[in-house]
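First up is the structure itself, then whatever we jot down about it.
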Amino acid sequence: MSLHNSKMKSEYWSYIWLVIGFIFLIFSNGFWNIIPIAAWLAPIFLLRFLRTQNKTKGLVIFAPVYVIAWIIMLYGMFLGIIGYIFAVTYGIIFFIPFLADRFITPKIEGYLSTLVFPSAWVTMELIASFTLFGSLFSLAYTQFGNLPLMQLVSITGIWGISFLIIWFASVVNWAWEQEFSLPKIYKGASLYLGILIFILLFGGAYLTFLPVDSDTVRVASVTRSFDIFPLAKECNKNISCIQGVLNQSLDDFLEHSKQAADAGAKIIVWQEAGIFVFNDDEAGYIRQAREFAMREKVYLVMGIMAISEDESINENKVVLIDPSGHTSEYLKTHLVPGDNHILGDGKVLIQDSPYGKLASVICYDADFPNYVRQAGKANADLMLIPSDDWEAITPLHARMASFRSIENGFSMIRPTFEGLSIAVDYHGNILSQMNDFTTEDVVMIADVPKQGIKTIYSQIGDLFAWLCVLGFLIMVGLSLTRSKGEKI
């Protein structure tokens, strides 16, 4: 075969790898996250395309294709222009690790070069977690359901799983460049496979030999049984009429909470913003809820949206009422882009109880692992997360929250309007779930452990991720000191 024909064949296969990677990427995350293994396969072929192309040409072709894949991945998950902003932003953020691989990896000798891509990826995931986007769309979440692998987050946080997935792509490409010659790749491939097998065996042993072993408490989640907004709209801004609709909503929640209490629930958690209330009426609503909690001898967690009559000031809050009538409040700290609620003080709600130490945040707060770690450090046993989702992020958003349980060693209940209500233990086992879009039920019951466990992650936090950042910066620095063609 002539050199020209050989080059054309190589070019042909290069674009085949790009197409394959593009397809796997779409199904690896976001709205189309239906094939967990796609998250492992997509970066292999995308990396293969870039490494078989001229740097400039390859990156110019790859960048728009990659961003388009993100747009398709997130299509329909967010309304209007926000969806495109999210998609383009994520496309740019996670284009950077590919850029780093293309420019830094060739300057590093041997197997060490396989660490560039995963360390760069984790660096970008960590940076993203400190922005408005939180940990949304971390690769780790694509592996929900793989319980042995998920136990890794009790040590490294979600970053360990993301690193493992991306490192796999880097190792496969390293072996590919050795033409999969066993004598050349044996040690490197064995190292990666050994680590992967060890992690899976560790997770399996963790689940088998340290099973959830604790007395349980019955908890219930309650979500709204009717949509208050069309009814309020019919009031045509008549405040008295709107108050009547809101009063009806409160009565509805108390009625279903009574059903939960009659079923033996000792902790009853309402959805995020379960009831809307004008500021002047809030004290009266809480008084009715206090009377209920004291009468039924339950812990009642109210999800409240307190609003001014002109809706200029909103407080998205949790009010936790114990059986003695004592109340504690928490305001949502992390707002979904576009929300204009008053921000909380950045402190997770923590309260002791006979059923273990309780903690609470609200919905989007749980997308920020470092924030929720406050509860882990405080040795919380049960996390209560009133939530409000929408169909396009169901069940993804609820599944994301379950990783916080494994990270911090607490069980969790997450009542969700227009989404998946879920209860999990501290190993990530699903104890109960209820999808708002497939049932008309509004009460979910679960028996959850009273006692949590201490985890390494709750103590060391994002140390693994920061080590990846350090390693990446060292490799960047070393590559910049090398002249063209010189390897480290």
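The table below lists the values:
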| quantity | calculated |
| --- | --- |
| Residue check, Ile488 in contact with a helix residue (DSSP H, G or I) (Cβ under 9 Å, 6 or more places away or on another chain), at pLDDT below 95, part of a loop (DSSP other than H, G, I, E, B) and not polar (S, T, N, Q) | yes |
| Residue tally, condition touching a Pro at 6+ places or on another chain (Cβ under 8 Å) and loosely packed, with under 12 Cβ neighbours inside 10 Å, over the stretch 160-200 | 0 |
| Residues located in the stretch 315-333, provided they are of a type in the set (A, V, I, L, M, F, W, C) and surrounded by fewer than 20 Cβ atoms within 10 Å (Cβ to Cβ) | Leu331 |
| Some residue of the stretch 255-266 being farther than 26 Å from Met412 by Cα, out of contact with any His (no Cβ under 6 Å at 6 or more places or on another chain) and not in a loop (DSSP other than H, G, I, E, B) | no |
| Residues located in the stretch 27-74, provided they are touching a Phe, Trp or Tyr at 6+ places or on another chain (Cβ under 6 Å) and of a type in the set (Ser, Thr, Tyr) | Tyr66 |
| Residues (more than 19 Å from Val19 (Cα to Cα) and of a type in the set (Phe, Trp, Tyr)) located in the stretch 76-114 | Phe78, Tyr84, Phe86, Tyr90, Phe103, Tyr111 |
| Candidates Ala120, Ala42, Ala87 - the one that is part of a helix (DSSP H, G or I), at pLDDT below 95 and surrounded by 15 or more Cβ atoms within 10 Å (Cβ to Cβ) | Ala87 |
| Residue match in the stretch 264-272 (condition: modelled with pLDDT of 95 or more, farther than 13 Å from Glu309 by Cβ and surrounded by fewer than 18 Cβ atoms within 10 Å (Cβ to Cβ)) | yes |
| Test result for Tyr15, over 25 Å from Gly160 (Cβ atoms), at pLDDT 95 or above and touching a Phe, Trp or Tyr at 6+ places or on another chain (Cβ under 9 Å) | yes |
| Glu309 vs. criteria acidic (Asp, Glu) and either crowded, with 19+ Cβ neighbours inside 10 Å or touching a helix residue (DSSP H, G or I) at 6+ places or on another chain (Cβ under 8 Å) (or both) | yes |
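One line per residue, one yes/no per condition, for (1) within 28 Å of the chain's Cα centre (by Cα); (2) surrounded by fewer than 19 Cβ atoms within 10 Å (Cβ to Cβ):
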residue	(1), (2)
Val212	yes, yes
Arg218	yes, yes
Asn236	no, yes
Asp262	no, yes
Phe276	yes, no
Asp281	no, yes
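The values are calculated or read from the model by the stated rules, or taken from the named source; none is laboratory data. Owing to the predicted nature of the structure, the values given are computational and were not obtained by experimental measurement. Every residue, glycine as well, gets a Cβ built from its backbone with ideal geometry; the counts of neighbours run over all protein chains shown.
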